[in-house]
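Engineer: Structure provided below as structure tokens; questions to follow.
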Amino acid sequence: MDEPTPAARRPPLEGRYVPTPDGPNVDFYRHARSGRLHLQHCAACGRHQHPPRYRCPACGSADLSWEPVAGTGAVHSWTVTHRPVDLVWATVAPYATVVVALAEGPRLVGAWEGELDDLRLDLPVTVDVEPAGDEFAFLWFRPA
């Protein structure tokens, strides 16, 4: 079976399961839908954090704000799915899900939009945000 090209890695948005965020994730995805990645930032200790929380896990402060970040980082880990459960994703299998260490420190999980053979540890990447409905956005990573 031929492997899909990077441009074809995204299955059609119609038919994809789109979760409904709750708690502090609502703000993360509200910002992401704007097309620019934002992370919580602690005013007390200066740490960026993800996933969103009500308090900073480093110092316990509740003085948190949302700040835009570069959207760049490096591949920390990945897994390749050959037999997806969701039939919409089967149209682009095999595909990779990556864990990326952002330049600001936190790690994010998203879909890989490059060639599977190009994946390697510490590969520099950038994020692309794909809005999906009114409350959610998919994160796609590609080589920088």
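Engineer: Only one of these is in contact (Cβ under 8 Å) with a residue 40 or more places away in the chain and more than 24 Å from residue 33 (Cβ to Cβ): 135, 130, 115. Name it.
Structural biologist: Numbers: 135 fails: more than 24 Å from residue 33 (Cβ to Cβ); 130 fails: more than 24 Å from residue 33 (Cβ to Cβ).
The conditions single out 115.
Engineer: Given the options 116, 108, 123, 87, name the one that is surrounded by 17 or more Cβ atoms within 10 Å (Cβ to Cβ) and over 18 Å from residue 68 (Cα atoms). Can you show your working first?
Structural biologist: Numbers: 116 fails: surrounded by 17 or more Cβ atoms within 10 Å (Cβ to Cβ); 108 fails: over 18 Å from residue 68 (Cα atoms); 87 fails: surrounded by 17 or more Cβ atoms within 10 Å (Cβ to Cβ).
Result of the check over 116, 108, 123, 87: 123.
Engineer: Name, by its number, the condition in (1) of a type outside the set (Ser, Thr, Tyr); (2) within 18 Å of the chain's Cα centre (by Cα); (3) not in a loop (DSSP other than H, G, I, E, B) that does not hold for residue 88.
Structural biologist: Of the numbered conditions (1) of a type outside the set (Ser, Thr, Tyr); (2) within 18 Å of the chain's Cα centre (by Cα); (3) not in a loop (DSSP other than H, G, I, E, B), the odd one out for residue 88 is (2).
Engineer: For region 42-56, check the following and say yes or no: at least one residue is assigned to a strand (DSSP E or B), surrounded by 15 or more Cβ atoms within 10 Å (Cβ to Cβ) and touching an Asp or Glu at 6+ places or on another chain (Cβ under 9 Å). Spell out how you get there, then give the answer.
Structural biologist: Step one: filter region 42-56 for residues assigned to a strand (DSSP E or B), giving 42, 48-49.
Among the residues that remain, those that are also surrounded by 15 or more Cβ atoms within 10 Å (Cβ to Cβ) are: 42, 48-49.
From the residues that got through so far, the ones that are touching an Asp or Glu at 6+ places or on another chain (Cβ under 9 Å) too are 42, 48.
Yes, some residue in region 42-56 is assigned to a strand (DSSP E or B), surrounded by 15 or more Cβ atoms within 10 Å (Cβ to Cβ) and touching an Asp or Glu at 6+ places or on another chain (Cβ under 9 Å).
Engineer: Right, here's the next one. Assuming residue 33 fulfils every condition listed in (1) more than 23 Å from residue 96 (Cβ to Cβ); (2) within 14 Å of the chain's Cα centre (by Cα); (3) modelled with pLDDT of 95 or more apart from one, which condition is it?
Structural biologist: (3)
Engineer: Would you check which residues across region 91-125 are in contact with a Phe, Trp or Tyr (Cβ under 6 Å, 6 or more places away or on another chain) and not in a strand (DSSP E or B) and list them?
Structural biologist: 113, 119
The values are calculated or read from the model by the stated rules, or taken from the named source; none is laboratory data. The shown structure was predicted, so the numbers you read here are calculated from the model rather than taken from an experiment. Ideal geometry is used to build each Cβ from the backbone, glycine not excepted, and the neighbour counts take in all protein chains shown.
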